[in-house]
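These notes are about the structure you will find just below.
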Ligand code: EPZ
């Protein structure tokens with residue numbers, strides 16, 4: 001079942017419940033290692049990246065059990081620090097295990113996490129920040145050896161906001177001796193969720209969500225029960241799908257405050273948005289207006305993870321749109337597939353494309369090459385005339401619990417095959 005078949009041209013209608021956040025769940029799962037206790041994480045998304053993280057935690061000696069849409073992790077018997085390289089290689093989010101394990105053990109050996117198709121994904125900021133806390137690194141035959149005889153607090157300044165490096169500092173700092181002050185921290189809501197979980201476990205952390213975070217180390221941490229917040233990128237995906245197909249949808253338990261930059265773009269496209277405490281009401285335009293310039297930026301800017309979806313929508317926009325990707329160096333791989341559907345997209349340079357809206361796309365066979373580009377192809381197929389088959393959908397299942405079920409609930413003609 002690695003393909004999705006869609007018959008496009010249907011305006012989306014109805015309610016959909018937004019799954020738990022992938023990018024909040026992963027660092028919080030890593031953080032369960034720090035308690036040496038049992039935690040229950042409710043609303044944890046059942047997606048491939050979470051399953052991979054769960055198997056890494058089991059390799060380290062944790063017991064992991066699913067209970068409905070929650071997952072219980074007991075880290076009281078963590079036994080070894082070398083992680084199964086094939087799992088680590090396949091997934092960048094295991095990088096946040098580095099900080100958690102250093103907080104728990106004095107030595108960690110892991111496969112050097114490689115890049116992926118959206119970019120080189122360097123880890124220099126992680127290594128710089130953790131070395132400020134007394135960690136020593138050695139790379140031999142593709143493995144990263146990290147040792148910390150004495151993990152201590154430090155003053156750290158990140159030259160640019162990195163979500164993963166911010167998470168690794170927080171995970172190591174809660175167990176370090178003394179306080180850590182992190183300037184230039186990433187401000188994503190997933191950082192706040194991680195700090196909310198650690199706070200519930202007994203950690204003292206101030207400034208989460210701002211550029212300056214202070215962590216008091218050395219406090220005893222206990223397991224807790226915690227609800228993973230809704231996935232803002234999944235909510236943004238469905239919101240932008242409605243911009244492309246028209247219609248009226250309700251995104252249950254989505255947070256408008258976490259998507260302000262996206263809501264602004266959606267309104268410029270001609271959508272009408274109403275955020276409430278229960279979720280977001282979305283009315284899409286008959287045909288999206290062309291937003292002259294959409295530029296990705298670190299939170300609270302327009303998220304890079306929704307760039308491909310906005311690009312897909314603007315392929316049928318009323319005019320021309322420049323899309324600029326400032327975070328990753330290779331995040332336009334979906335362009336080729338969209339061209340096969342009739343899109344008119346010109347690569348201006350490696351960081352920007354010019355989209356000239358056409359009246360409609362035409363269904364055909366396309367292939368997902370990565371997670372968010374794959375989701376953008378599903379949106380394009382929902383907008384297109386005729387039938388589309390999207391293959392390579394295992395990429396999409398890394399981050400979307402059941403994209404076919406969700407879009408079917410919104411009236412789309414979509415099945416996985
Ligand atoms: C997280 O990746 C997310 N992944 C990404 O979501 C998201 O796109 C990204 O943050 C946004 O910044 C998870 O949370 C699991 P970064 P991360 O460190 O932490 C450069 C998805 O689709 N950089 O914030 O790896 C880096 O090259 C995924 O769900 C360094 O130069 O991203 C990039 O240009 C894709 N050196 C920028 O910083 C470093 O040591 C932001 O990267 C680390 C990063």
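The values are calculated or read from the model by the stated rules, or taken from the named source; none is laboratory data. Owing to the predicted nature of the structure, the values given are computational and were not obtained by experimental measurement. Ideal geometry is used to build each Cβ from the backbone, glycine not excepted, and the neighbour counts take in all protein chains shown.
Examine region 148-156 for a residue that is within 27 Å of the chain's Cα centre (by Cα) and either more than 13 Å from the ligand (Cβ to nearest atom) or in a loop (DSSP other than H, G, I, E, B) (or both), and state whether such a residue exists. Checked against the condition, which is being within 27 Å of the chain's Cα centre (by Cα) and either more than 13 Å from the ligand (Cβ to nearest atom) or in a loop (DSSP other than H, G, I, E, B) (or both), region 148-156 yields no hits at all. Could you please let me know if residue 300 is crowded, with 18+ Cβ neighbours inside 10 Å and at pLDDT 95 or above? So residue 300 does not fit the description; no. Scanning region 245-257 for residues that are in a loop (DSSP other than H, G, I, E, B) and surrounded by fewer than 24 Cβ atoms within 10 Å (Cβ to Cβ) returns 246, 253, 255.
For region 175-199, the set of residues classified as in a loop (DSSP other than H, G, I, E, B) and touching a strand residue (DSSP E or B) at 6+ places or on another chain (Cβ under 6 Å) consists of 176, 178, 184, 185, listed by residue number.
Here is a yes/no grid of residues against (1) crowded, with 16+ Cβ neighbours inside 10 Å; (2) without any contact (Cβ under 8 Å) to a residue 60 or more places away in the chain; (3) in a strand (DSSP E or B):
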{"site": "234", "(1), (2), (3)": "yes, no, no"}
{"site": "241", "(1), (2), (3)": "yes, no, no"}
{"site": "259", "(1), (2), (3)": "yes, yes, no"}
{"site": "264", "(1), (2), (3)": "no, yes, no"}
{"site": "270", "(1), (2), (3)": "yes, yes, no"}
{"site": "281", "(1), (2), (3)": "yes, yes, yes"}
{"site": "294", "(1), (2), (3)": "yes, yes, yes"}
{"site": "305", "(1), (2), (3)": "yes, no, no"}
{"site": "316", "(1), (2), (3)": "yes, no, no"}
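When the residues of region 205-232 are filtered to those that are within 16 Å of the ligand (Cβ to nearest atom) and not in a loop (DSSP other than H, G, I, E, B), the one that is nearest to residue 163 (Cα to Cα) is 213.
Among the residues of region 114-134, write down those that are more than 7 Å from the ligand (Cβ to nearest atom) and under 17 Å from the mean Cα position of the chain (by Cα). Residues satisfying the conditions are 115, 116, 117. When 134, 202 are checked against the criterion of being in a loop (DSSP other than H, G, I, E, B), over 23 Å from residue 232 (Cβ atoms), touching a strand residue (DSSP E or B) at 6+ places or on another chain (Cβ under 8 Å) and modelled with pLDDT of 95 or more, 134 stands alone in meeting it.
Every condition in (1) more than 14 Å from the ligand (Cβ to nearest atom); (2) free of Cβ contacts under 8 Å to residues at least 24 places away in the same chain holds for residue 137 except the one numbered (1).
One line per residue, one yes/no per condition, for (1) surrounded by fewer than 17 Cβ atoms within 10 Å (Cβ to Cβ); (2) within 16 Å of the ligand (Cβ to nearest atom):
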residue	(1), (2)
336	yes, no
339	yes, no
342	no, no
346	yes, no
349	yes, no
355	no, no
359	yes, no
363	no, no
372	no, yes
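Return a yes/no flag: does region 132-139 have any residue that is on the phi > 0 side of the Ramachandran plot and surrounded by 17 or more Cβ atoms within 10 Å (Cβ to Cβ). There is at least one residue in region 132-139 that is on the phi > 0 side of the Ramachandran plot and surrounded by 17 or more Cβ atoms within 10 Å (Cβ to Cβ). Does residue 169 fit the bill of being buried (at least 20 other Cβ atoms within 10 Å of the Cβ), at pLDDT 95 or above, within 15 Å of the ligand (Cβ to nearest atom) and farther than 28 Å from residue 326 by Cβ? Judged against the criteria, residue 169 is not a match.
Here's the yes/no breakdown for (1) within 16 Å of the ligand (Cβ to nearest atom); (2) closer than 24 Å to residue 332 by Cα:
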| position | (1), (2) |
| --- | --- |
| 257 | no, no |
| 264 | no, yes |
| 271 | no, no |
| 294 | yes, yes |
| 302 | yes, yes |
| 309 | yes, yes |
